[in-house]
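Shown next, in structure tokens, is the structure this report addresses.
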Amino acid sequence: MSPGTRATPLAGMSFAHLDLDAATRLLLSPQGLRTGVPWRLVNTWSIALAHRQRGYASVLRGDGVNLADGKPVAWVLRALGRRHGSSTVAAQVRGPDFFPHVLDVGRRAAVRHYLLGGTAETLERLQTVIAERFPGCRVVGAEAPPFRPLTHDERAAQDERIRSSGADVVWVGLGTPKQDIEAQRLAAALDRPVVAVGAAFDFLAGTKSEAPRWVQRAALEWLFRFASEPGRLWRRYTLGLLFFARVALRDLRRPVVRSLPVGSLRRPQPGMRLAEEFAVERVGA
């Protein structure tokens with residue numbers, strides 16, 4: 001992480017004070033591309049699931065960079081930042097915005113991308129759209145893993161395909177929480193940044209409808225998506241939002257936590273957690 005970058009804690013996780021442009025610069029910086037770090041776009045549902053699943057909570061609280069995906073998370077982080085006297089805040093960075101923005105900006109440095117997730121049909125359409133919208137963007141591999149756990153041999157073969165492709169950045173779209181768990185594993189195995197971006201593949205490919213910008217600005221994207229897939233998303237946008245509201249209120253009522261500068265992004269060493277890069281200090285009892 002670049003000098004001077006800070007982070008704010010929420011629900012036991014640390015969120016970097018980055019907006020879309022700053023996050024893109026960091027990921028595509030020489031240091032960012034050299035370091036095996038998972039990048040996570042954390043939303044209210046991620047936080048709700050982490051409360052119920054300790055293993056997933058340890059992933060979100062461990063090595064890597066957490067960005068605020070979703071207005072509710074960004075709102076609470078902004079409130080916490082102001083309450084703690086921070087001059088910067090963690091801005092909202094949507095996965096469906098981050099993914100194409102990095103593809104676009106990365107063309108200047110001929111950054112190589114690998115796409116992991118979705119279906120074969122979605123990936124075929126996605127690569128066509130990328131070639132049309134971002135001429136010169138280098139997608140060096142794409143695969144849709146089966147909807148079941150991989151065997152040891154299958155996983156090893158997948159890792160080798162990604163490694164031999166020469167990809168600089170790996171994008172994972174496997175759904176929450178699977179994609180965050182896989183991003184953590186891949187970043188350590190491949191020693192390169194791995195970004196978990198949720199439905200960004202589907203939105204850019206056009207296989208799912210993305211909320212119009214005015215809906216996003218009005219903080220109603222959740223309602224748009226819920227109406228599009230009520231059977232799949234009702235838990236996320238009812239129970240998830242309710243639980244997040246409880247967590248947010250709890251953290252807002254706690255003694256002041258002062259965000260500290262984030263150190264330099266560097267390759268994790270055995271036994272070292274990048275959580276120390278996002279250190280926070282409790283002030284007061």
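A few points about this structure:
- Residues that are surrounded by fewer than 18 Cβ atoms within 10 Å (Cβ to Cβ) and either small (Gly, Ala, Ser) or free of Cβ contacts under 8 Å to residues at least 24 places away in the same chain (or both) within region 37-61 comprise Arg52, Arg54, Gly55, Ser58, listed in sequence order.
- Among residues of region 147-174 that are at positive phi, those with a beta-carbon under 9 Å from a residue that is part of a strand (DSSP E or B) and of a type in the set (D, E, K, R) at least six positions away or on a different chain give the pairs Gly166/Arg112.
- Options Thr151, Thr122; residue that is over 23 Å from Ser46 (Cβ atoms) and among the hydroxyl-bearing types (Ser, Thr, Tyr): Thr151
- Set Ser29, Ser46: member being of a type in the set (Ser, Thr, Tyr) and more than 15 Å from the chain's Cα centre (by Cα): Ser29
- Any helices (runs of 4 or more DSSP H) falling wholly within region 13-55 and containing at least 2 residues that are modelled with pLDDT of 95 or more and more than 21 Å from Ala188 (Cβ to Cβ): 20-28
- Pairing residues of region 120-137 that are surrounded by fewer than 18 Cβ atoms within 10 Å (Cβ to Cβ) with residues that are among the β-branched types (Val, Ile, Thr) and modelled with pLDDT under 95, at Cβ distances under 9 Å and at least 6 apart in sequence or on separate chains, gives Glu121/Thr207.
- Subset of region 40-57 [of a type in the set (Phe, Trp, Tyr) and farther than 12 Å from Asp180 by Cα]: Trp45
- Across region 81-118, the qualifying residues are those that are among the β-branched types (Val, Ile, Thr) and modelled with pLDDT under 95, and the one among them that is surrounded by the fewest Cβ atoms within 10 Å (Cβ to Cβ) is Thr88.
The values are calculated or read from the model by the stated rules, or taken from the named source; none is laboratory data. This one's a predicted model, so the numbers in the text were calculated from it and none came from an experiment. All Cβ positions, glycine included, derive from the backbone under ideal geometry; neighbour counts span all protein chains shown.
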